[in-house]
């Protein structure tokens with residue numbers, strides 16, 4: 001996993017996000033960013049994420065920048081693959 005993706009995962013875990021749901025949160029964040037053609041601010045993105053059911057997650061600027069930095073890279077796929085393989089190893 002590249003350093004930016006690793007930092008993102010550590011930051012989300014530190015914010016209380018369970019490791020197993022990080023891929024879903026990142027997917028929802030990326031979709032929220034991509035599906036809106038106009039430039040969004042932090043407050044609007046936070047509102048959209050809460051609308052999707054992430055009520056306990058508070059988006060901050062640093063986390064948003066890490067997600068944006070990972071968009072369009074293979075890093076997001078690696079995060080998802082890594083989480084899935086850890087889940088299966090635990091079973």
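Structural remarks
- Residue-span extension gain [residue 58 to residue 35] - 0.36 nm each, minus C-alpha spacing: 6.3 nm
- Burial ordering of 32, 46, fewest other beta-carbon atoms within 10 Å first: 46, 32
Only the coordinates and a few stated rules stand behind these numbers; no lab work does. All values reported here derive from a predicted model rather than from experimental measurement. Here Cβ is always computed from backbone atoms with ideal geometry, including for glycine, and neighbour counts include all displayed protein chains.
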